[in-house]
Each structure stands twice: as C-alpha cells, then as structure tokens.
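Below is one structure; the comments refer to it alone.
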Amino acid sequence: MSTAIGERALDRLPVSRYKWPGTALLWLALLMVPLWVPWAGGYVELAGRALVLGLAAMGLNFLLGFTGVMSFGHAAYFGLGAYGAGLMLKYVTGSTLLALFTGTLLGGLAGTILGALIVRRRGVYFAMVTIAYGQIFFYIAYRWNSLTGGDDGLRGFARQPLGVGSWVINIQNNATLFYYFLLAVFAIATGAMAFRLCSPFGRTLIAILENERRARYLGLPVERHIWLAFSVSCFVCATAGALYALLNNFADPMTLHYSLSGEIVIMAVMGGMRTFWGPLLGAAVFVVLQDYISSITVNWMSFIGLLFVLVVLFFPRGLLGILGQRGAP
Amino acid sequence: MSLLEVRSASKNFGSLMAVRQVSLRVERGEMRAIIGPNGAGKTTFFNLITGFFPPTEGEIWFGGRDVTRLSAQRRVSLGMGRSFQVAEIFPELTVRENLRIAVEVGRGLALRPWLGRAKARLVRQAIDEVLAATGLTTKAARLAGELTHGDQRATEIAMVLALRPRLLLLDEPTAGMAEQETYDTVALIRRLHRMNRLTVILIEHDMRVVFHLADRITVLDRGRLLAEGLPDEIAANPAVQAAYLGEPA
C-alpha cells in the first residue's frame, strides 16, 4: 500500500502543527450539532448515528490506514459490542455506563484473542479469515433465540438516565443530551487513538505500512504490533457497537453481518484512509445519503456504490484527502 | 570465540541447492568480504545468517549462541544489522524520521505510550550522532525516497547503525553507484569499521572495493565454498581465477 513519493507518511497522524485549525473547527462543528443540524434539514439522532458509525470506521482505520492490514470482519466486534451492551441492560443492570463498558470489553477481548491467531496472515488471507470470524458470531446471534432474540434482534431494553449522585442526566428521552453523551465517549475513544498514534508505537505502525521488511530488520516484532493495532481497532469498534445499541435501544443481528463490515470499509476508504478523520466524514456522507435516498428508493445502496466507485476512481485519497492536498511538502 | 560461526549450512529450494555445506568463522573487529560469480549463493548465504529463512541443514552461531531457529527480528535484537541489495528504507518519511524509528525500536521504546523529556532528548542525540557519522546531517529533513541512490544506501546503513549492532552485514553496498558515490560509500564503511571496531561482512562485486576494504575474503561458487584467505592469497588462487574466468579449475 505504498503511495507516491513526495507524500509524507507522518502527515496522516492526527496531530501536527498545521492541522490544529482544522481539528478545532471539526470539534466546534461537532459541539454545535444540535444547533446547525436541524437548520440544515437533519435531526440530532441522525448526527448521533453518523458519529457512532464514524467511530467504528475510525476504529477500523486504526488498522487499515496505519498498518495497511485489511479486515472485512470488523462488524463482528461492533455487533458484539452492541449485544454486550444490550444483554447487560436487559438481564443484569440498569447502568448505561456499565452496559457500554461490558459491550466494549466483550467485542474488544474477542478481537484481541482472535487477532492473535491470524496476525501471521497477510492480504486476502487475513481478510478472508476476518470475514469467517464475523459470520460465526452472526450465526450464533441468529440462532440463539432464547438469549439474543434471533432473527428479530435483541429488544426489551432501553438506555437509562445517567446518575451522578443526586444529579440525573436524562439521556433516555432527551435526544440532545444523549448526543452529547455519544460525543463525550467519541472524544475519549478518538483521543485515545490519537494519543497512541503519536507515540513511538504509532510510528512503528507507519514503519510496517511503509516497509515491512525493513521494520522486521530493525528488530521490530511486526506480528505483535499488528496484533496490538488490531486489538485497539476492535476495542474502538466494540465501543461504537455498544453506543449503537444504546442509540437504537435495540441490537440487530445485522450489526454482526459481514455486509456491515463492508459498509465500514466503504466509509473509511471513501472518507480517506490516509487520514485520521477521513472515516468520520465517510460515515457522515454514508449515513446522510442513506437517510435521504432510502426515503425515495429502496435501491439506495446502488447510489452509495456509485459514489464509492467515483471517489475511488477520481479521488483515491478519499473525500478528506481532497481537502488535505497541499502544495509541496 | 568467533562472533559469527556458520557450521556447514545448506539451503535447498526444491531441487536447487543454492548453498551447499558452507562454513564460515568471522572474528570480532574483522572486515570480511564474500565474493563470487553471479548465482554463487552469496545473498542466500546472507539470508541464512540473518534468518530470512532457516537453513535446510547446518547451524548458525552468533556471539556464542545458537541462533539457527531464531527469527530475523530476534537476531537483529541480538546485534545483527543488515542492509539489502536494494536499500530498504521508509521512502515517505524524512531521513530523520527513518532514523527516529530505528532508534526507538533499537532502544526498546517501541511500545512506549509516551517518551519523557529525558528519553526524547536521548533519542534526538542518538539520531544526531548517527546523522553525523554517516554524513547525512544536511539531508535530515529530506524525504528518504527523494534522495540519490547513494544517500538512500547511506540512510539504510545509518538506520542499521542506530541499532548499535555488533555485526554489520552489507549486501552489495556499492551496487549501481557512480564513481564518486562508490568512493564515498567505501570511505563511510571504512570509517565506521575503524571508529567503532565494528565487525563487517560485505558482499561485493567491485573487486577494487573488496581488495581495498577486506581483511579476509571468502569466495563462493555455485553454492560451495571455493576458497578463503587473505586478499593476496585469493588474488593468486588459480581456482578463484578459473571460477571468475569460467575455465575448468
């Protein structure tokens, strides 16, 4: 996955001197969503959905964009996050935070364990095994009616208000407050990823992406680092999945299906996998188009497919890559 | 005790015997050249030493330790540094960033979530030292992929040096270089060897370079060890002359 000479690989890191105005603008826009989104013809739940799927795509991109390893099975960890959170709320506790934590842990640990088994595979072999893993979880959720609700999905739970002492934040019925809850979790997850990428560890991922042989002959345990990146990426996807279940008060077996894995990849690639924030933009475009076009025709996926092909053909660096193109490095 | 000892190593690819029972001892501080006609198995032999693939037969000992079954990256962390025929660098990173990764990995900082002020300064100093030692200081901010052939090679050697290796293996360090670049590279290798008492093994086609640099020379031919000795002995060896001129020995 090498790019043209003259492009600086470290530019894909989220933090650098000339990037802070863009990042500040992005956060400002995210904070003001309840103000401008209804004005622009959307609604706050839609923004929440874009944020959650954006987090999943950014999680996938931690692996794809920074080590060059492609997974087509990240829906598995997203879905496990969703079911983990849903099952916790339905059967165990009324704590939204505990449900979020459980979902994250369930999907993250599953990814970490399974990842250890496949880090020696590369390219299409790696991608195929990740699909297979995902389908295992899909069929478990699909078949295990008594626990997961099978084909109908897991229902009968709802996110609960957050209680801080005697102070209650009602994220249950207030869409705006719930959006800010999503944004807070999103900030923590993306902050953690950015912090990890800007460390020596992040540079080793770029080293693997740039030249795996040289990375190995610097004495870098390449498999271990790919595994760690895979693990981080699964934890983030699981967090996104848990948030998704809280957003919908519902866990859908399709959140485990490989078609969602494909959609997450589309979001990341369309938005720009050479950038940290690109996948968020890709997810936003995806979610908005889906919402808008699906009210006109059931064939909304054809339009998104067409857009995806056009972006890949004419803007191989993705939508954010167009904005990010500067003059000489 | 020798720093490196190869005991009767062989490597077969299917029916092709690329390396056949070659033994080699390299002492600390030695500059050894491995020469031989095309297809003699020199690079395959390098790959056996550095763990690119395991030998079909035989053993490799490094620093008194059997490393035959160790992975390439383990051998590197034990002190084997290697360059390749085509420089393996990170082309989209600057020279400084290339070296930074090498220093951080080499000092065991690769998993650190955060470099403290002291460690960051240590890393910076180490980079500056290697830049100065390899004459790349003025090119530190350039993208490695945009450098000349010779400077890319120097960058690769600098990265390997940043690991503070005990043994430096160079695969045709002057291949495809112009006269001046060759001269500079030879001077660099000699300087490193003398300054740091670094043990060096190099594969080389350019005989002027070989006779200029090497303490001892090993000759491979069609996978076999043909001769080994001082440069004068090798130059006078009729079997070596025959191998190079293609006459029956």
Single unsatisfied condition, residue B:38 versus (1) more than 10 Å from chain A (Cβ to nearest Cβ); (2) outside any loop (DSSP other than H, G, I, E, B); (3) without any contact (Cβ under 8 Å) to a residue 24 or more places away in the chain; (4) of a type outside the set (A, V, I, L, M, F, W, C)
(2)
Can you name every residue in the range B:133-144 that is over 20 Å from the mean Cα position of the chain (by Cα) and surrounded by fewer than 20 Cβ atoms within 10 Å (Cβ to Cβ)?
B:137, B:138, B:140, B:141, B:142
Looking only at the range B:46-66, filter to residues that are part of a loop (DSSP other than H, G, I, E, B) and more than 13 Å from every other protein chain (Cβ to nearest Cβ); which one of those is farthest from residue B:102 (Cα to Cα)?
B:56
For the range B:87-109, does any single residue satisfy the condition of being surrounded by 19 or more Cβ atoms within 10 Å (Cβ to Cβ), more than 7 Å from chain A (Cβ to nearest Cβ) and either among the hydroxyl-bearing types (Ser, Thr, Tyr) or part of a loop (DSSP other than H, G, I, E, B) (or both)?
yes
Let me confirm something: among B:163, B:198, which residue is open to solvent by less than 40 Å² (accessible area, probe 1.4 Å), of a type outside the set (Val, Ile, Thr), within 13 Å of another protein chain (Cβ to nearest Cβ) and closer than 27 Å to residue B:2 by Cβ?
B:163
Just need a number here: residues in the range B:170-196 that are more than 13 Å from residue B:157 (Cβ to Cβ), assigned to a loop (DSSP other than H, G, I, E, B) and among the charged types (D, E, K, R).
0
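Condition check ((1) of a type outside the set (S, T, N, Q); (2) farther than 17 Å from residue A:54 by Cα; (3) buried (at least 24 other Cβ atoms within 10 Å of the Cβ)) across all residues:
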| residue | (1), (2), (3) |
| --- | --- |
| A:187 | yes, no, no |
| A:207 | yes, yes, yes |
| A:218 | yes, yes, yes |
| A:242 | yes, no, yes |
| A:250 | yes, yes, no |
| A:254 | yes, yes, no |
So, restricting to helices (runs of 4 or more DSSP H) that lie completely within the range A:230-329, which ones have at least 3 residues that are of a type in the set (Val, Ile, Thr) and more than 30 Å from residue B:146 (Cβ to Cβ)?
A:258-271, A:278-293
Of the candidates A:154, A:182, A:197, the one satisfying the condition of being crowded, with 18+ Cβ neighbours inside 10 Å, within 14 Å of another protein chain (Cβ to nearest Cβ) and out of contact with any Cys (no Cβ under 8 Å at 6 or more places or on another chain) is A:197
Regarding the range A:125-143, can at least one residue be identified that is open to solvent by 50 Å² or more (accessible area, probe 1.4 Å) and polar (S, T, N, Q)?
no
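The values are calculated or read from the model by the stated rules, or taken from the named source; none is laboratory data. Being a predicted model, the structure only gives us computed values, none of them experimental. Using ideal geometry, Cβ is built from the backbone for each residue, glycine included, and neighbour counts are taken over all protein chains shown. With ligands, DNA and RNA removed, areas are computed over all heavy atoms of the protein, side chains included. Shrake-Rupley method; radii C 1.70, N 1.55, O 1.52, S 1.80 Å.
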